[in-house]
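Worksheet for the structure shown next.
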Amino acid sequence: MSSLQDMKIATEGQNRPKTPIYLDYQATTPTDPRVVEAMLPYFTTYFGNPHSRNHAYGWDAEKAVEKARAQVASIIGADEKEIIFTSGATESNNLALKGVAHFHKGKKNHVITVVTEHKCVLDSCRHLELEGFEVTYLPVQKNGLIDLEQLKATIRPDTCIVSVMAVNNEIGVIQPLAEIGKICRAAKVYFHTDAAQAVGKIPLNVEEMNIDLMSISGHKIYGPKGLGALYVRRKPRVRLEALIHGGGQERGMRSGTLPTPLCVGLGEACAIAQREMGAEAERLKTLRDRMYNKIREQLPEVYLNGDLDSRIPGNLNLSFAYVEGEGLMMGVKDIAVSSGSACTSASLEPSYVLRALGVEEELAHTSLRIGLGRFTSEQDVDYAVEHIVQAVQRLRSMSPLWEMAQEGIDIKSIQWAEH
Amino acid sequence: MSYSEKLIEHYENPRNVGALDKSDTSVGTGLVGAPACGDVMKLQIKVGADGRIEDAKFKTFGCGSAIASSSLATEWVKGKTLDEAEQIKNTMIAQHLSLPPVKIHCSVLAEDAIKAAIRDYREKHGEKPAEQAAE
């Protein structure tokens, strides 16, 4: 079955959900119906170009965009003038890193980031290296968090920017942002954070945390795909070079006509998240703990990847020893999750994030990322647990590694032929 | 990954899952792959007095294609002589299951598992031809 549509047709009338239960909220989220409703008039009635200064169509659109900008600013404790709309967190991360590095090129040529960052940060850094910048990739500890002393020791007089993600997309761990901000401010180095997975899930405040640049994504917070934002501090002012040139919109940092409906959507998504964050975090944490505990009660040798305490409530990343992740996902096809297994990646390499934590390759292959979110119910969790447990038990019963482990054979003692 | 119906069917109803007694002289065991690479196959054959494979069992740690490839391999070796079983090629397995290109290595592993099991059996019988070795 190749698509959701096929799945709906094929399973109709059977005693199982018509579509798989969605537990992949770190990949993307559905747009909240309240967000869609707020967006709709801006496709038709208020379709004006927000940059048209000489008629009501433009004014209405501009008003909506500015309201959205204020809503985005509010959720991170920023001023609305400090929000730049972009096409998404990938563009925001590119703009923050390349924009700042390019502006300061010659005087400051050193960038610091972390090995577990999202590919768009790592790839932007690789690109800067090709241009002659020097990049330090900080390692992480076993729990996925960086060592602050190591960060301090890595900052040099020519360090321009430190980029550390707020929340990791695979393991959901929260980096110590306030502490990192303090270190960067004291060293007079810009602090950028990719907060795509953090906004709306944990409290963020750019003032209290001394954050100079922050990347925000629309579709990770029940807003539309295709829109994101970059917070760029005004006091003290962060200087950066634009990547996209044109009509000089967004204070010259990002040209192009703003997509009014998408801006309205991101604004509304932020407003809803800000209102509901406290209660929602509690609810998700209860569900997450329920899931984790139920799985552990029924299955031995399940390992949590990443810190449990410094973690967003909606994420579980578990290794089910002796069961390969892709094979496991096939066994739980009524549940939509993702895996750190090599077999699910184009490169046939297991997750670089899990490897960075020091998770052994054989365990990295057995991981599932389970993401809970706004539309996840207790019923969904129980259904998922039941199916995951069944599938793991079935696959372990046919795993030669499980068999060896039961016989007391140390898998590491065997001379494997790597292929 | 979009898989063929045949592959999904083998994954959901794998044939011949289990284990044979490794120490039995009529049993050959092949263990191939590596946990660090994400797939390990154990394939066992039991050779009858007539020199034909009368039973085969497997256990596999791996993705859906690896499980289906080994399931198919056990199905195909049954009833064959060792020389015949050695003729099973990975391309036949890949074709039968319509493996996607990135999964071809799973069929290679299944072929290797068959060969390893046959080799183990022959070693147990001092490299003698299967027919004479069977007791």
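The values are calculated or read from the model by the stated rules, or taken from the named source; none is laboratory data. All values reported here derive from a predicted model rather than from experimental measurement. In this analysis, Cβ positions are derived from the backbone assuming ideal geometry, glycine residues included, and neighbour counts consider all displayed protein chains.
For A:GLU297, indicate whether it is within 24 Å of B:SER65 (Cα to Cα) and assigned to a helix (DSSP H, G or I). No; evaluated as a whole, the condition is false for this residue.
On the basis of being at pLDDT 95 or above and assigned to a strand (DSSP E or B), does A:ASN317 make the cut? Judged against the criteria, A:ASN317 is a match. Remark: A:GLU207 matches the filter, which requires a residue to be of a type in the set (D, E, K, R) and closer than 30 Å to A:ALA153 by Cα.
If you go through the stretch A:381-404 and keep only what is at the interface with another protein chain (Cβ under 9 Å from one of its Cβ atoms) and of a type in the set (S, T, N, Q), you end up with A:SER397, A:SER399. Across the stretch A:32-68, the qualifying residues are those that are under 28 Å from A:GLY371 (Cα atoms) and touching a helix residue (DSSP H, G or I) at 6+ places or on another chain (Cβ under 7 Å), and the one among them that is surrounded by the most Cβ atoms within 10 Å (Cβ to Cβ) is A:ALA68.
Scoring A:ALA271 on the criteria (1) touching a helix residue (DSSP H, G or I) at 6+ places or on another chain (Cβ under 7 Å); (2) surrounded by fewer than 24 Cβ atoms within 10 Å (Cβ to Cβ); (3) outside any helix (DSSP H, G or I) leaves a single failure, condition (3).
Please tell me if A:ARG288 is away from chain B (no Cβ under 14 Å) and within 17 Å of A:ILE174 (Cβ to Cβ).
Details: away from chain B (no Cβ under 14 Å): yes; within 17 Å of A:ILE174 (Cβ to Cβ): yes.
Yes, satisfied.
Flag set for A:THR193, criterion: within 15 Å of the chain's Cα centre (by Cα) and of a type in the set (S, T, N, Q). Selection within the stretch A:347-380: residues that are within 16 Å of the chain's Cα centre (by Cα), part of a helix (DSSP H, G or I) and surrounded by 21 or more Cβ atoms within 10 Å (Cβ to Cβ). The member of this set that is farthest from the other protein chains (Cβ to nearest Cβ) is A:VAL353. For the subset of the stretch A:69-79 comprising residues that are touching a strand residue (DSSP E or B) at 6+ places or on another chain (Cβ under 8 Å) and not small (Gly, Ala, Ser), which member is surrounded by the most Cβ atoms within 10 Å (Cβ to Cβ)? Out of the qualifying residues, it is A:VAL72. Identify all residues within the stretch B:74-104 that are in contact (Cβ under 8 Å) with a residue 40 or more places away in the chain, surrounded by 20 or more Cβ atoms within 10 Å (Cβ to Cβ) and either aromatic (Phe, Trp, Tyr) or closer than 17 Å to B:TYR3 by Cβ (or both); write none if there are none. If the condition is that a residue be in contact (Cβ under 8 Å) with a residue 40 or more places away in the chain, surrounded by 20 or more Cβ atoms within 10 Å (Cβ to Cβ) and either aromatic (Phe, Trp, Tyr) or closer than 17 Å to B:TYR3 by Cβ (or both), then B:LEU97, B:LEU99, B:LYS103 are the ones that fit. With respect to A:MET330, is the statement that it is farther than 17 Å from A:GLN26 by Cβ, out of contact with any Phe, Trp or Tyr (no Cβ under 7 Å at 6 or more places or on another chain) and at the interface with another protein chain (Cβ under 10 Å from one of its Cβ atoms) true? Against the criterion (farther than 17 Å from A:GLN26 by Cβ, out of contact with any Phe, Trp or Tyr (no Cβ under 7 Å at 6 or more places or on another chain) and at the interface with another protein chain (Cβ under 10 Å from one of its Cβ atoms)), A:MET330 does not qualify.
Working only within the stretch B:1-29, note down all residues that are within 11 Å of chain A (Cβ to nearest Cβ), surrounded by 13 or more Cβ atoms within 10 Å (Cβ to Cβ) and closer than 30 Å to B:GLY126 by Cα. Selection gives B:ASN16, B:VAL17, B:GLY18, B:ALA19, B:THR29.
The residues in the stretch B:30-53 that are of a type in the set (D, E, K, R), more than 10 Å from chain A (Cβ to nearest Cβ) and over 13 Å from the mean Cα position of the chain (by Cα) can be counted, and the count is 2.
For the stretch A:388-404, the count of residues that are in a helix (DSSP H, G or I), modelled with pLDDT of 95 or more and within 25 Å of the chain's Cα centre (by Cα) is at least one.
Has the stretch B:37-54 got at least one residue that is crowded, with 21+ Cβ neighbours inside 10 Å, farther than 18 Å from A:GLU326 by Cα and either touching an Asp or Glu at 6+ places or on another chain (Cβ under 6 Å) or among the basic types (Lys, Arg) (or both)? Yes, because at least one residue in the stretch B:37-54 is crowded, with 21+ Cβ neighbours inside 10 Å, farther than 18 Å from A:GLU326 by Cα and either touching an Asp or Glu at 6+ places or on another chain (Cβ under 6 Å) or among the basic types (Lys, Arg) (or both). Scan the stretch B:105-122 for residues that are of a type in the set (A, V, I, L, M) and surrounded by fewer than 24 Cβ atoms within 10 Å (Cβ to Cβ) and the total you get is 3.
From the list A:GLY226, A:GLY132, the lone residue that is modelled with pLDDT of 95 or more, out of contact with any Leu (no Cβ under 9 Å at 6 or more places or on another chain) and part of a loop (DSSP other than H, G, I, E, B) is A:GLY132.
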